[in-house]
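As structure tokens, the structure follows; a few thoughts come after it.
The values are calculated or read from the model by the stated rules, or taken from the named source; none is laboratory data. Since this is a predicted model, take the numbers as computed values, not measurements. Glycine also receives a Cβ, built like all others from the backbone with ideal geometry; neighbour counts cover every protein chain displayed.
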Amino acid sequence: MKLAAIAIAGLVAGTPGRGQATIEPTDREVIVCMEQDLRVAPPVMVPAQALASKIFGGIGVRIKWHGRLKDCPERSILIGLSLTTSETLEPGALADAQPSKGTIHVFYDRISRIYSKAQRPVVLGHVLAHEIAHDLQGFAKHSDHGVMKAQWDQSDLMHMTCKPLAFDDKDVELIYRGLAQRAGGALAAAGKDSEAASKVGMLSVSSKSAEK
């Protein structure tokens, strides 16, 4: 089986300038309200959420999952699932994050079509971690390696099946800064410059189809 690489198209927008001090968050808990769909089996969803939690746990950030979008607490991140994504909607994309709104849309039907049953929880978990990080950072920033890498290759996919990819030091700094801004109510102001970057920060599959 030959897997297509996972690519993230993107430009960095609104990146904080050099020399700015790292801001330690006062509260490192993030509430994520994720839509539940019976068509996404628990053997996929449960380990995917656990994996995303583990990735953030590695930097001391706790993800608190809620199973409903309704009645979600203020400043939570909202994640919706699509199982009937139109082919004309962001072709090839696996997810779309809009940091200024605190929303993420996961095109799960594409994940299930491209990846094997064994790979789906791993890929979904990393997709969730990647897109939640975009929302916390407030813009589409990518790294040379790890969870926020601009392009995952087959080696990365093999790596993540054995051990989760991690955030690099700059990712951690920006996540902490984003958490501090959220705690201080600055997310709305910071998000104005991120709207243009929201679509370029999405996770997408290369144009070549994966061979199963």
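The residues of segment 26-57 that are under 20 Å from A180 (Cα atoms), modelled with pLDDT of 95 or more and loosely packed, with under 15 Cβ neighbours inside 10 Å amount to a single one, G57.
On the stretch given as segment 58-75, residues that are more than 22 Å from A183 (Cα to Cα) and among the hydrophobic types (A, V, I, L, M, F, W, C) total 0. Checked against (1) free of Cβ contacts under 8 Å to residues at least 40 places away in the same chain; (2) farther than 21 Å from S53 by Cβ, M160 meets all criteria but (2).
Touching an Asp or Glu at 6+ places or on another chain (Cβ under 7 Å) and among the hydrophobic types (A, V, I, L, M, F, W, C), is that true of A133? Let's see the steps before the verdict.
Numbers: touching an Asp or Glu at 6+ places or on another chain (Cβ under 7 Å): yes; among the hydrophobic types (A, V, I, L, M, F, W, C): yes.
Answer is yes for this residue.
This table checks each residue for (1) without any contact (Cβ under 8 Å) to a residue 40 or more places away in the chain; (2) surrounded by fewer than 22 Cβ atoms within 10 Å (Cβ to Cβ).
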{"position": "A97", "(1), (2)": "no, no"}
{"position": "F107", "(1), (2)": "yes, no"}
{"position": "V122", "(1), (2)": "no, yes"}
{"position": "I132", "(1), (2)": "no, no"}
{"position": "F139", "(1), (2)": "no, no"}
{"position": "Q151", "(1), (2)": "no, yes"}
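Return yes or no: is P99 modelled with pLDDT of 95 or more and not hydrophobic (A, V, I, L, M, F, W, C)? Spelling it out, it is not the case that P99 is modelled with pLDDT of 95 or more and not hydrophobic (A, V, I, L, M, F, W, C). When R182 is tested against (1) assigned to a helix (DSSP H, G or I); (2) at pLDDT below 90; (3) over 18 Å from C33 (Cα atoms), exactly one condition is not met: (3).
Of the numbered criteria (1) surrounded by fewer than 13 Cβ atoms within 10 Å (Cβ to Cβ); (2) at pLDDT 75 or above, the one G19 fails is (2). Answer with yes or no whether H142 is of a type outside the set (D, E), in contact with a strand residue (DSSP E or B) (Cβ under 9 Å, 6 or more places away or on another chain) and closer than 19 Å to W65 by Cβ. No: the conditions fail for H142. The residues listed here are G67, G92, G80, G60; of these, the one that is out of contact with any His (no Cβ under 9 Å at 6 or more places or on another chain) and touching a residue at least 40 places away in the same chain (Cβ under 8 Å) is G92.
Report yes if some residue within segment 141-155 is at pLDDT 95 or above and under 12 Å from the mean Cα position of the chain (by Cα); otherwise report no.
No, that holds for no residue.
If the condition is being at pLDDT 85 or above, surrounded by fewer than 22 Cβ atoms within 10 Å (Cβ to Cβ) and in a strand (DSSP E or B), then segment 82-95 contributes only S82. Take the conditions at pLDDT below 90 and surrounded by 13 or more Cβ atoms within 10 Å (Cβ to Cβ) and apply them to A166. Does it pass? In short, no.
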